[in-house]
Amino acid sequence: MTAPKTKPGLLFDGADWDFNSLKATYDAIEDIAINEMGLDVYPNQIEVITSEQMLDAYSSIGMPLMYHHWSFGKRFVRDDAMYRKGYQGLAYEIVINSNPCISYVMEENTIGMQTLVMAHAAFGHNHFFKNNYLFKQWTDAEGILDYLQFAKRYIAKCEDRFGFDAVERILDAAHALMDHGVNRYSHPEKPNLAVELERERERAKYEDETYNDLWRTLPQSDDGPEDLDDQNRRQRQEQRRAQFGLPEENLLYFLEKNAPALQAWEREILRIVRNIGQYFYPQKQTKVMNEGCACYVHYHIMNRLYDKGLISEGAIMEFIDSHSKVVFQPEYDDRRYSGFNPYALGFAMMQDIHRICVLPTEEDKKWFPDIAGNNDPFATLREAWAHYRDESFILQFLSPKVMRDMRMFMIDDRSSSPHLEVGAIHDDNGYRNVRRALARMHDLSVREPDLQVVDVDLRGNRQLYIAHTQHDGIRLDKAEAELTLGYIGQLWGYGVTLQAIDNDTGEILSETHYTPEDLVSA
């Protein structure tokens, strides 16, 4: 690539770039990020890739190493067709939560765009990954790439030994249940490559001893459930629940450890899928904060580069155009509206916190007495990025000004009422109600179904019981529930019962059954 000509004092001039100009630009960004903003990041690894490689990274959920599955190819074909026809664009970058932090940038980007995405990904997202408490507690940036290499190799080996169709059957079920294969409340052990390799060797030598012991030592008494009084029945149910550690929120974990019919290699695949699902779990809880942090960082860095005379008017105009599109919030009656844009909401809140720290109003001093006027916005934001997730961040830092600017209010839509009611407007009580309602919308325990294994019939037909706790009267979609039961039953090998339970009363509202015969016919 021919080196672009650059005017004196500028890092670059025009759209072209080479690796020397890219390195000089990276160094200038790093100086602002580290020395002015106080960011703390993993070492960076910038990978320049083509648009087709970017599409490939899309298809494999953004990971540089991934096993093969038909869903990845399906996603690639769909996105590729949409991109070629001009119906959708591509992300400017993809960033991996690893150490070193890997940022993919497209070679088709201009140097101005490369500057933006390096600031956004290599420093904004990177700092958030390294410092937010959820990522520190739940993910292993040091070992994720090694673990993905192990997973890819292990599944390829299983395909060779047991057949592609057999492996695909397990992966299909595991992927369908991935959202229900995470620990939401207890902290699981982080995957360790040495431990995984040792487990692979052990499982290659022996059958799953937990499974054999579990089902071989079932009580053989002739007393059936009908012969027990209520007290003994409850006592035995509690013993079963204690034996299996029930209730269990992590469906894939329960099936991996206890499904009677699974072979050792099938259990290992379940473990791989749930470990990958756990890796992505913090990202689902911090979308607003993570993107808001990255947008705030790139916005500040790009403006500082311009203020220091390192980029031209043309470059800053290109940046403003791209940035405005990213943080654009469609109106509620716009065809593009699909709720609050997390980039827009996150960036607005980060900018607002900066303003409150530097130029607070009397309203700010009333609502945020601990940070208003402290004149240290970077430290305040770093503290927030480290210790909150979306739900708590919104509950703590969403200000009346942002609510007014984004025209937020609350509608009560009750199924028992024929009318909609405006539940909160722009007054003190209204602001608090809007803030609570918006925070609740970002609470995964509200957004995702609460499914837990609650019992298993050891003495009868080994029926597995799954409870769905209904909140606010929201029920599962019938077709989706039956599909989910089918995948659970496929892995369990016996019948499954899904119970809908009212959160307030504990009453069983309905039951959906899936039998082994249904599984065969499905």
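The values are calculated or read from the model by the stated rules, or taken from the named source; none is laboratory data. Every value quoted in this text rests on a predicted model; they were computed, and no experiment measured them. Methodologically, a virtual Cβ is constructed for each residue, glycine included, from the backbone with ideal geometry; neighbour enumeration extends over all protein chains shown.
Structural remarks
- R462 being assigned to a loop (DSSP other than H, G, I, E, B) and not hydrophobic (A, V, I, L, M, F, W, C): yes
- Count of residues meeting criterion [outside any helix (DSSP H, G or I) and either in contact (Cβ under 8 Å) with a residue 60 or more places away in the chain or more than 20 Å from the chain's Cα centre (by Cα) (or both)] in the stretch 141-179: 3
- Only one of the numbered conditions (1) under 25 Å from R414 (Cα atoms); (2) surrounded by 13 or more Cβ atoms within 10 Å (Cβ to Cβ); (3) modelled with pLDDT of 85 or more is violated by V453, and that is (1).
- The residue of the stretch 461-484 that is surrounded by the most Cβ atoms within 10 Å (Cβ to Cβ), among those that are touching a residue at least 60 places away in the same chain (Cβ under 8 Å) and either more than 22 Å from D504 (Cα to Cα) or in contact with a His (Cβ under 6 Å, 6 or more places away or on another chain) (or both), is T484.
- All helices (runs of 4 or more DSSP H) inside the stretch 333-445 with 3 or more residues being within 21 Å of Q285 (Cα to Cα) and either more than 26 Å from the chain's Cα centre (by Cα) or at pLDDT below 95 (or both): 428-441
- For beta carbons closer than 9 Å, sequence separation of 6+ or different chains, a first residue in the stretch 380-405 that is without any contact (Cβ under 8 Å) to a residue 40 or more places away in the chain and surrounded by 16 or more Cβ atoms within 10 Å (Cβ to Cβ) and a second that is among the acidic types (D, E) and assigned to a helix (DSSP H, G or I), the qualifying pairs are P400/E363; P400/D364; P400/D428.
- Of all the criteria given as (1) closer than 30 Å to H468 by Cβ; (2) of a type outside the set (K, R); (3) touching a helix residue (DSSP H, G or I) at 6+ places or on another chain (Cβ under 9 Å); (4) surrounded by fewer than 16 Cβ atoms within 10 Å (Cβ to Cβ), the one not satisfied by P342 is (4).
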